[in-house]
Amino acid sequence: MIKEIKSIPLASFLSRLGHEPTARKGTRLWYKSPLRQEHTPSFKVETALNCWFDFGLGRGGNIIDLAAEMYQSTDLRYLMRCIADSCPVPSVQTVASSFLCGAKRQGRLAPRHSAPSMERIEVVPLEHRALVAYLQERGIPAHIATVNCKEAHYSVNSKPYFAVAFENVCGGWELRNRYFKGCRGRKDISYLPWARDGPSTECAVFEGFIDYLSALTLGIINGMDAIILNSVVNVNKAMPYLKGYTAINCYLDNDTAGQTAFSELTAIYGSTVIDRSTLYSEFNDLNDFLVNQSLTKNKTSNENK
């Protein structure tokens, strides 16, 4: 069973999570690390061996090792479920399900939607200087960050960590800091109505909450409800929330995963779905566009002094 999990192509697994290679050299694929923020790709996948190595972290391994890094867990049952939920290969989902059911019959199954190694999580208002500074580096001003995000403190194998936290509809938390990108609890979408007195006629769809915060910073979604997929894998979970909107504005990534998600939405809602990625067509995503704008603005300001 584990052998079948390990046979899943790493490139396919990463693609389903929204990560596409920036370069291909023979059997080697290069990515911007899915485990941390970086501008120069230093995450390598060797397709012939189906293994990975992150030169920035100095770590690598197989698909289970990668899932352990991404989901901050050492529990094999949980990691197999995460891989099966993300990967569209039916045989893998069957394997993971049978493995989990067998564990359940023996009375040794950990809660399905939580990472056992992430302990004593506490979510508080966002105040930590390092986290606010991290978001500011990504173009998000402090007043938008602190109103829309929380701060999570937790431990992994008795070591303390903290991260920016963004809640989803199932009570799970998307976690981000300079070195880590993951989730605590069940992976799901986030739904944010613009007003409390009723839904808007328009909705904006984003892949991640950083892009949502970027849109707020740019002031381009005023009056719109928002749905954050938190992974393109969650497109189907967003479908029930999209009924009734006269316009579904998609601010998705300019890559294969983003285009696929857009196509899936269009297949259901037709011309109601609008591709807004033309705003940042020269960039991978909306946040890259915002960061570039901020750098250009600062450079111009310094030159005028």
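Quick notes on this one:
- Within-12-Å neighbourhood charge of Pro125 [Cβ basis; K, R +1; D, E -1]: -2
- Were the residues from Arg196 through Gln136 laid out at 0.36 nm apart, the gain over their Cα-Cα distance would be 18.8 nm.
- Cleavage-rule hits, trypsin sites (Lys or Arg not before Pro), the stretch 216-302, DSSP coil, Cβ neighbours within 10 Å at most 13: Lys243
- Here the stretch 231-289 has 50 percent of its accessible surface on carbon and sulfur atoms, given a 1.4 Å probe and all protein chains in place.
- Inter-label distance, nm, simple model (7 Å from Cα along the C-beta direction), Tyr179/Leu218: 3.1 nm
- Assigned charges on the beta-carbon of Lys, Arg, Asp, Glu; the stretch 118-197 dipole about Cα centre (debye): 260 debye
- Average accessible area per residue (Å²) across the chain - probe 1.4 Å, nucleic acids and ligands excluded: 49 Å²
- Here the spin labels are modelled as points 7 Å beyond Cα on the Cα-Cβ line, and at Ser281 and Ala247 they lie 1.9 nm apart.
- Relative contact order [Cα under 8 Å, 6+ residues apart], the chain, whole percent: 13 percent
- Cα-based convex hull, the stretch 212-271, per residue volume (Å³, whole number): 91 Å³
- Mean residue ellipticity (222 nm) of the chain, computed from DSSP H runs ≥ 4 via -39,500 (n - 2.57), nearest 500: -10500 deg cm²/dmol
- Theoretical FRET efficiency, 1/(1+(r/R0)^6), r = Cβ-Cβ of Glu119 and Arg186, R0 25 Å, to 0.05: 0.90
- Of the residues Ala247, Val169, Thr260, the one whose Cα sits farthest toward the positive end of the charge dipole of the chain, with +1 on the Cβ of Lys and Arg and -1 on the Cβ of Asp and Glu, is Val169.
- Projected-area mean, the stretch 169-305, by convex hull of Cα positions, square nanometres: 9.9 nm²
- Members of Lys3/Lys243; Lys6/Lys150; Lys3/Lys187; Lys32/Lys187; Lys159/Lys237 lying beyond 31 Å, as alpha-carbon distances in this model show: Lys3/Lys243; Lys6/Lys150; Lys159/Lys237
- Potential lengthening of the chain between Leu295 and Ser155 amounts to 46.9 nm, from the contour at 0.36 nm per residue minus the alpha-carbon distance.
- Among the DSSP helices (H) of the chain, none spans at least 30 angstrom by Cα along its long axis with an average Kyte-Doolittle hydropathy of -1.0 or more; this is a geometric and hydropathy rule only.
- The residues neighbouring Lys150, those whose beta-carbon lies less than 15 Å from its own, together hold a net charge of -3 under the Lys/Arg +1, Asp/Glu -1 convention.
- Summary of packing: across the peptides 206-217, 285-296, the per-residue average of other C-beta atoms within 10 Å ranks them, highest first, as 206-217, 285-296.
The values are calculated or read from the model by the stated rules, or taken from the named source; none is laboratory data. For clarity, every value in this text was computed on a predicted model and none was experimentally measured. Neighbour counts are summed over all protein chains in view; Cβ atoms, including those assigned to glycine, are modelled from backbone coordinates with ideal geometry. Areas reflect the complete protein model, heavy atoms only, side chains present, ligands, DNA and RNA absent. Shrake-Rupley method; radii C 1.70, N 1.55, O 1.52, S 1.80 Å.
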